1. Kindly state, to the nearest 0.05, the FRET efficiency for VAL107 paired with SER61, given R0 = 25 Å and r defined as their beta-carbon distance.
2. Taking only the alpha-carbon positions of the range 37-78 and ignoring solvent, what does the Debye formula give for the base-10 log of I(q)/I(0) at q = 0.18, 0.27, 0.35 Å⁻¹?
3. How much solvent-accessible surface does LEU112 expose, in Å² to the nearest 10, with a 1.4 Å probe and all protein chains in place?
4. Using label points projected 7 Å from each Cα along Cα→Cβ, tell me how many nm separate ALA88 and LEU35, to one decimal.
5. Rounded to two decimals, what ratio of Rg to Rh does the range 64-125 give with C-alpha atoms and a Kirkwood Rh?
Amino acid sequence: ITFLDRGRIIGRRRRPRAERRAMNGETPRPQRTWLHVLLFCLTFVTTTIAGAWQNGVELSSMLTDPAAIAGGLPFSVTLMAILLVHEAGHYLMCLRHGVSASLPYFVPAPPLFPLVGTFGAFIRIGQ
């Protein structure tokens, strides 16, 4: 759809991607929300363990006293919030501009020193 103002094009609004696909007879790719939630939870656990380790909690005490891992929560919550807000910004702008995008994928990493328990996060952006 094109909007005109005194003969000049002032804006063009494309149909949403899902609507265009439906018109072409294509079926939309199902979102695997469970995968995004699982990866988020695993990444939260690995960053919490990494944060506890950076606070001086030994791995052996983490296994015997799971409450010792709570020392890593400030690190984990902060890091996960930064990743989530950053990727949510990409996702929301894709929605705003009619570009297909996946929910954020969080990539857990082994919580070994000097790693922070994650390799980051990303979203898959369509055309």
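1. FRET efficiency, VAL107 to SER61: 0.40.
2. For the requested q values the scattering log ratios are -0.43, -0.85, -1.13.
3. Accessible area, nearest 10 Å²: 100 Å².
4. About 2.3 nm separates the two model spin labels.
5. That ratio is 1.12, to two decimals.
The values are calculated or read from the model by the stated rules, or taken from the named source; none is laboratory data. The structure presented is a predicted model; accordingly, all values stated were derived computationally and were not measured. Using ideal geometry, Cβ is built from the backbone for each residue, glycine included, and neighbour counts are taken over all protein chains shown. Surface areas here come from the heavy atoms of the whole protein model, side chains and all, with no ligands, DNA or RNA. Shrake-Rupley method; radii C 1.70, N 1.55, O 1.52, S 1.80 Å.
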